[in-house]
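For reference, the structure is listed below as structure tokens.
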Number of protein chains: 2
Amino acid sequence: MQSKLSINDERLLNRINELGQIGRDKEGKLTRLVASDTDKFGRDAVVKWMKDAGLEIVVDYIGNIFGIWSSSENESKDPIMVGSHIDTVINAGMLDGCYGVIAGIEMIKTLKDGGYKPSRPIVVGVFTNEEGVRYSPDMMGSLVYAGGLSVDEALATVGTDDTILGEELKRIGYAGTKEPGFLKPHAFVELHIEQGPILDSIKTPIGAVENLQGISWQRVTVEGVANHAGTTPTAMRKDAGLAAAKVITFLRDLCNKSNATTVATVGCIEFEPNAINVIPSRATFTVDLRNPNEQKLHEEELELDKYLKELGENYGVKISTERLVRFEPVTFDENIVQLVESAAKERGLESKRMTSGAGQDAQMMARMCPTAMIFVPSVDGISHNPKEFTSGYNLVAGANVLLDVISKLTEYK
Amino acid sequence: MQSKLSINDERLLNRINELGQIGRDKEGKLTRLVASDTDKFGRDAVVKWMKDAGLEIVVDYIGNIFGIWSSSENESKDPIMVGSHIDTVINAGMLDGCYGVIAGIEMIKTLKDGGYKPSRPIVVGVFTNEEGVRYSPDMMGSLVYAGGLSVDEALATVGTDDTILGEELKRIGYAGTKEPGFLKPHAFVELHIEQGPILDSIKTPIGAVENLQGISWQRVTVEGVANHAGTTPTAMRKDAGLAAAKVITFLRDLCNKSNATTVATVGCIEFEPNAINVIPSRATFTVDLRNPNEQKLHEEELELDKYLKELGENYGVKISTERLVRFEPVTFDENIVQLVESAAKERGLESKRMTSGAGQDAQMMARMCPTAMIFVPSVDGISHNPKEFTSGYNLVAGANVLLDVISKLTEYK
């Protein structure tokens, strides 16, 4: 047992801070869009830390970076992989993704420095374009790595700035030479901030993430009839805006009766003609519906369909839906989730089984191998924002749980 | 009794059509914004028809045009006035306002040609800027005439095209020389298309308009907290968009329990940040609430306030309101309304007592003298639109009812 080993608190926190200074503009805002100059500088820093830890650096075609610790005794075995991403949204915090990458390097260095001899190689991965801000879709690097999207298609993606991802990766020196998926992990573990308020609200330092919500995005269009707001009696109205409002309240009712597993959000809305004294002829809005159970998510989509149909009949409006995104939920590996729980317990840390509400590289890696995630609290649940914050204590705790989980995973067999 | 007199159907309908051709663009769209070149051409046509009918033309400072039929026997008495407007919205129909003006001229010409000797002068008025599209507020000419807005303030109004109303009226030759209000009518009657669907839906040719809705316009702002659509549990959400939806459905419930007297419309809405996977931090929307009874309208405004307060407490959002417009309802003169009903009956026409849902010049004139309105059906309730339509039969019927009502009003005393 290596339970006496612990990561170097100071080095971990300093590096998070150091990477967090790369890509700041004159006003101090942090932005490292994938394959940009700032992303290059961030990647260079991470590669340097990997080299300092004595890792072999491999970059694949889609620009995913892997730092590999193997030995002649274990190199024939499938590796244990950890990892996350270092690309950011615009005006980001310092922790999203970066924490998992830096803690992964720190974890390997701690094991190496501690004289630990793993039965399998240990690899830390940095996945390209998790955020999807500049190029769509998000989680692209891990999706390509897991075989869900072809390399050629991904590299040909045109960005919001009309650049081509493949050319930009070449330009910054991170168009690699290995076929994605060249290493098939024995297991994958991603350490990440929660990006939600649950752990912070219950003051629990460790989340043992057992699944990841399925995501159903639709655009709903209601067509009614524009009429004068003063002269049209209530009974003769075909108010597209009212129908939209009914759907929003229906979705909240759906969540309320789901025993807290379903979340639903109407984030975008538009009325036409959008005039104060005209009944809306058209309402367009988005529905973001999430549930960690595929059957339930599907049932709820059907419930929504049924409600929309009734609404159309009752209010004389025409309702159509357009599918934008549909991801099935991911169930993580029960053995690894239990390892996270027991590792936390052995460190004297409370843990909570939970669902990842956000999309993650781990959800793509789960297609390849047993996978799970470790969450640490996000204060007030804030993420994708400069106010994103997790205490040093919790960041260190999470990294030590990662250390223990990975060393246990390398002991098996 | 002059009940044998009837207006000249062909001349009425031809003139409506003729005025409706003035101000069409290359695509055939009809637009006569107040004090524009096309408004001038429309005014010129109307003045010519007034002169043909032997009327004295007077234009006041705000550009209202009056065609006066008086004699040495009746000129000392307060006149009976009819009238409406000929300015239009952009891409308008041919009837809104114009019908009342042309029918007024036709009514006087019919009485004159029939040898009728009224006990009072009869006047047809054309009010400046009823639509309020180019200069605000709407119903400006009648408001100034009734003393609700000073001439100087009105003439100084800056338009959406940065022009000044007073200068534009001069430019088109309709800056007149009389003080608005120079004639105090004994009574005022406005004939107008309904601009709503009620008469058309019950196939009733005449509306005896007994009152005009009070109008309450507010802008409501809900401030919640933006959070991730996936990671934020339902119970921890402060969803500004949900609160907005609750208000929209509350308003419909309010209307449903009002026994059809209240109408409410949320015509404009905006969410921030308006992103599919972010809970809205802010929702802004307008409330258009109308009721013909001032006490009820006030009570409903208080009910809305109370609901907003509860909503804020229950959903953890901050709600503020901004008053945009508030007009008290207008109750028209019961005697004139009864005259409209009896005149319709004598012509064998069904009539219905009703409320004007739209603002009208008559609501301003009601400040000066006993006033009422006559409505004719708008097919499908459509107005402010090229599809605005009333059958020739109904247009003629309305003009004949106007003829009978005015001749009865001039018989009294």
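The values are calculated or read from the model by the stated rules, or taken from the named source; none is laboratory data. If you're wondering where the values come from, they're calculated on a predicted model, not measured in any experiment. Reconstructed Cβ throughout: ideal geometry from the backbone, glycine too, with neighbour counts over all protein chains shown.
For the reader, a short list of remarks on this structure follows.
- Boolean, A:LYS306 is basic (Lys, Arg), assigned to a helix (DSSP H, G or I) and either free of Cβ contacts under 8 Å to residues at least 40 places away in the same chain or buried (at least 21 other Cβ atoms within 10 Å of the Cβ) (or both): yes
- Residue match in the stretch B:253-263 (condition: closer than 21 Å to A:ILE269 by Cβ, within 10 Å of chain A (Cβ to nearest Cβ) and surrounded by 19 or more Cβ atoms within 10 Å (Cβ to Cβ)): no
- Only residues that are aliphatic (A, V, I, L, M) and either surrounded by fewer than 22 Cβ atoms within 10 Å (Cβ to Cβ) or not assigned by TED's automatic domain parsing to the domain that holds B:THR232 (or both) were counted across the stretch B:276-293, and they come to 2.
- Hey, A:ALA240 in contact with a Gly (Cβ under 6 Å, 6 or more places away or on another chain), crowded, with 22+ Cβ neighbours inside 10 Å, among the small types (Gly, Ala, Ser) and within 10 Å of chain B (Cβ to nearest Cβ) or not: no
- Residue that is farthest from A:THR284 (Cα to Cα), among those in the stretch B:243-252 that are at the interface with chain A (Cβ under 7 Å from one of its Cβ atoms) and touching a strand residue (DSSP E or B) at 6+ places or on another chain (Cβ under 8 Å): B:ARG252
- Yes/no for B:SER76 being closer than 20 Å to B:ASP52 by Cβ and surrounded by fewer than 24 Cβ atoms within 10 Å (Cβ to Cβ): no
- Residues that are more than 14 Å from every other protein chain (Cβ to nearest Cβ) and under 23 Å from B:ARG326 (Cβ atoms) within the stretch B:179-195 comprise just one, B:GLU190.
- With a requirement of 2 or more residues that are touching a strand residue (DSSP E or B) at 6+ places or on another chain (Cβ under 7 Å) and under 18 Å from B:GLU130 (Cβ atoms), the strands (runs of 3 or more DSSP E) lying completely within the stretch B:312-413 that satisfy it span B:318-327, B:371-376.
Condition check ((1) farther than 22 Å from A:PHE327 by Cβ; (2) of a type in the set (Asp, Glu); (3) in the same structural domain as A:SER70 (by TED's automatic domain parsing); (4) surrounded by fewer than 23 Cβ atoms within 10 Å (Cβ to Cβ)) across all residues:
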position: A:VAL89; (1), (2), (3), (4): no, no, yes, yes
position: A:GLY93; (1), (2), (3), (4): yes, no, yes, no
position: A:GLY97; (1), (2), (3), (4): no, no, yes, no
position: A:LYS112; (1), (2), (3), (4): yes, no, yes, yes
position: A:VAL133; (1), (2), (3), (4): no, no, yes, yes
position: A:TYR145; (1), (2), (3), (4): no, no, yes, no
position: A:GLU153; (1), (2), (3), (4): no, yes, yes, yes
position: A:ASP162; (1), (2), (3), (4): yes, yes, yes, yes
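- Filter pass, A:ILE198 being under 33 Å from the mean Cα position of the chain (by Cα), within 7 Å of chain B (Cβ to nearest Cβ), farther than 30 Å from A:ASN277 by Cα and of a type outside the set (Phe, Trp, Tyr): yes
- Qualifying residues in the stretch B:5-55 (those that are acidic (Asp, Glu) and within 13 Å of B:LYS109 (Cα to Cα)) - the one surrounded by the fewest Cβ atoms within 10 Å (Cβ to Cβ): B:ASP52
- Candidate set from the stretch A:267-293 (those that are assigned to a loop (DSSP other than H, G, I, E, B) and either among the charged types (D, E, K, R) or under 20 Å from the mean Cα position of the chain (by Cα) (or both)); member that is farthest from the other protein chains (Cβ to nearest Cβ): A:ASN293
- None of B:LYS238, B:LYS296, B:LYS257 is touching a residue at least 60 places away in the same chain (Cβ under 8 Å) and not assigned by TED's automatic domain parsing to the domain that holds B:VAL401 except B:LYS238.
- Output for the stretch B:206-231, where each listed residue is part of a loop (DSSP other than H, G, I, E, B) and either at pLDDT below 95 or surrounded by fewer than 24 Cβ atoms within 10 Å (Cβ to Cβ) (or both): B:VAL225, B:ALA226, B:ASN227, B:ALA229, B:GLY230, B:THR231
- Tabulated pairs, the stretch B:168-195, first assigned by TED's automatic domain parsing to the domain that holds B:LYS48 and part of a helix (DSSP H, G or I), second surrounded by fewer than 20 Cβ atoms within 10 Å (Cβ to Cβ) and not hydrophobic (A, V, I, L, M, F, W, C), C-beta under 8 angstrom, 6+ apart or interchain: B:GLU168/B:GLY159
- Scanning the stretch B:149-183 for residues that are within 21 Å of the chain's Cα centre (by Cα) and closer than 22 Å to B:GLY104 by Cβ returns B:PRO180, B:GLY181.
- Residue within the stretch B:216-227 that is facing chain A (nearest Cβ under 7 Å) and under 30 Å from A:HIS192 (Cβ atoms) present: yes
- Among residues of the stretch B:146-167 being assigned to a loop (DSSP other than H, G, I, E, B) and among the charged types (D, E, K, R), the one that is farthest from the other protein chains (Cβ to nearest Cβ) is B:ASP162.
- For the condition more than 14 Å from chain B (Cβ to nearest Cβ) and on the phi > 0 side of the Ramachandran plot, A:LYS203 qualifies.
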